[in-house]
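Report on the structure given below.
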Amino acid sequence: MKKPLLIVDGYNMIGAWPELVQLKNKNLMEDAREDLLQSLSNYAKYEKLPVIVVFDAQFVPGITQNYDKYELEVVFTEEGETADSYIERIAGELNDVMTQVSVATSDLAEQWVIFSQGALRVPARELQKTVQKTEEAIERKQESIKYANYRRNSPWNEEQLKELAEKLKELS
């Protein structure tokens, strides 16, 4: 089975996810990037999925770099290279017999190039819904752990709880 890899067009997501669009419109691009990275990090960790997030350097001049943040690989392209061209290049390089690359973007031209290289596409809205479902699953898991701990810390043991349940049935 192929190992999955997700490549995300960062500014494409910021321009499509409503909560990130609001930050962008308030000139809070750094906050929008941080929120995106945190959401993708939770998703990647929960799904055990490697994720590369690519941003155009044109929005952050002089920051051409790659680094790991929140267990994601974050790439700011060189000033002469767009995020689209970088994504198209690495999607072609990384999509092989062992790796199935998916690219999250709603850019139709980029999607065609990605398809031609054998990679899969994930529209921005679809990724947002998937990330939201993962966040909800994480919250449910946290709640179940929280209540499991209440049961463990209960002064009643299992046998006493069964007796209480039987008494409750008798009284009902």
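Could you tell me whether any residue of the range 65-84 is open to solvent by less than 40 Å² (accessible area, probe 1.4 Å), assigned to a strand (DSSP E or B) and touching a helix residue (DSSP H, G or I) at 6+ places or on another chain (Cβ under 6 Å)? The answer is yes; a qualifying residue exists.
If I filter the range 108-143 down to residues being in a helix (DSSP H, G or I) and small (G, A, S), which single residue comes out as least open to solvent (accessible area, probe 1.4 Å)?
Quick first cut of the range 108-143, residues in a helix (DSSP H, G or I) only: 108-116, 124-143.
From what is left, the residues that are small (G, A, S) are 109, 116, 124, 137.
Details: A109: 70, S116: 96, A124: 1, A137: 18 Å².
Ranking the candidates gives A124 first.
Would you pick out the residues in the range 87-97 that are in contact with a strand residue (DSSP E or B) (Cβ under 6 Å, 6 or more places away or on another chain) and open to solvent by 70 Å² or more (accessible area, probe 1.4 Å)? Full working, then the answer.
As a first pass, look at the range 87-97 and keep what is in contact with a strand residue (DSSP E or B) (Cβ under 6 Å, 6 or more places away or on another chain): 87, 91, 94-95.
None - no residue of the range 87-97 is in contact with a strand residue (DSSP E or B) (Cβ under 6 Å, 6 or more places away or on another chain) and open to solvent by 70 Å² or more (accessible area, probe 1.4 Å), so the list stays empty.
Selection of the range 16-42 for residues being surrounded by fewer than 22 Cβ atoms within 10 Å (Cβ to Cβ) and in contact (Cβ under 8 Å) with a residue 60 or more places away in the chain yields A16, S39, N42.
The values are calculated or read from the model by the stated rules, or taken from the named source; none is laboratory data. Remember, it's a predicted structure, so these values are computed and weren't measured experimentally. Note: ideal-geometry Cβ built from the backbone for every residue, glycine included; neighbour counts use all protein chains shown. Note: accessible area is taken over every heavy atom of the protein model, side chains too, but ligands, DNA and RNA are not part of it. Shrake-Rupley method; radii C 1.70, N 1.55, O 1.52, S 1.80 Å.
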